[in-house]
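Below is one structure; the comments refer to it alone.
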Amino acid sequence: MLVLTRRANQSIMIGADVVVTVLEVRGDQVRIGIDAPRSISVHREEVFRELEAANRAAASPASGALEGLAALRPPTERERRP
Amino acid sequence: MSANVAEELPELHFAGGLPGFPDVRRFVLVRLGDEHSPFSVLRSLDDGPDIAPAVEFVVTHPSLFFPDYEPEIDDDIAARLELKSADDALLLVIVTVADPVAASTANLLGPIVVNRHTRAAAQAVLGNSGYATREALVPHR
């Protein structure tokens, strides 16, 4: 991993059009600003990893399970708020 | 809107893939079960050496199971999908099928947003929204 030391209001460039700026350092928290083209999505890593895991868990369910699911209907208003 | 999204949008294109499946971009929507079924299957058309054949996801309209669900779609996704108004967007959520099926859950943290005119699609990532990846489809009794 490349390690760089930066102070508040200093930036790092990734490629020609992604700029990561340290905005504020306070205690053990760092506020970071990211300027990137819209084609590059930016996420907190833990949220993105959670979504990856959820997608993998949901992918390609067994065909036997699908038959039962097709019969499942949304709960009625009464079932939803007993 | 027809009863099932599969008739309305036969093919979707995810330019950026999906988290965990970055190389799978083209999908067809196929109805799961009869015409009253709230579910469809999102089946990939892409395969290759690193991709299992025909990755599938079960999807549903979140409004059917979660009437209060109102995710905020950020400007980046709206721009990427060229959404000009809220009416252009169709929302789907991925279902994790469980045994028994009544214990199945929906991913409300990462809804699928579709431009219903161009069929461009993307999975949103709703950080800080409070929504979870496994919300019960059927409330616990």
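The values are calculated or read from the model by the stated rules, or taken from the named source; none is laboratory data. No experiment lies behind these values; they were computed from the predicted model shown. Using ideal geometry, Cβ is built from the backbone for each residue, glycine included, and neighbour counts are taken over all protein chains shown.
Some notes on this structure:
- Criterion violated by B:VAL113 - all others in (1) away from every other protein chain (no Cβ under 12 Å); (2) surrounded by fewer than 18 Cβ atoms within 10 Å (Cβ to Cβ); (3) touching a residue at least 40 places away in the same chain (Cβ under 8 Å) satisfied: (2)
- Flag for A:ASP35 being over 30 Å from B:VAL55 (Cβ atoms) and within 14 Å of chain B (Cβ to nearest Cβ): yes
- Among the residues making up the stretch B:74-93, those that are at pLDDT 90 or above and in a loop (DSSP other than H, G, I, E, B) are B:LEU81, B:GLU82, B:LEU83, B:LYS84.
- Yes/no for A:ALA8 being out of contact with any Ser or Thr (no Cβ under 7 Å at 6 or more places or on another chain) and either of a type in the set (Asp, Glu) or surrounded by fewer than 13 Cβ atoms within 10 Å (Cβ to Cβ) (or both): yes
- Among (1) assigned to a loop (DSSP other than H, G, I, E, B); (2) touching a residue at least 24 places away in the same chain (Cβ under 8 Å) - the single one B:ASP34 does not satisfy: (2)
- Put simply, of B:ILE73, B:ILE77 the only residue that is at the interface with chain A (Cβ under 10 Å from one of its Cβ atoms) and either under 25 Å from B:VAL30 (Cα atoms) or under 17 Å from the mean Cα position of the chain (by Cα) (or both) is B:ILE77.
- Filtered residues of the stretch B:76-103 (kept if of a type outside the set (A, V, I, L, M) and without any contact (Cβ under 8 Å) to a residue 40 or more places away in the chain): B:ASP76, B:GLU82, B:LYS84, B:SER85, B:ASP87, B:ASP88, B:THR96, B:ASP99, B:PRO100
- A:SER60 satisfies every condition listed in (1) at the interface with another protein chain (Cβ under 9 Å from one of its Cβ atoms); (2) loosely packed, with under 15 Cβ neighbours inside 10 Å except (2).
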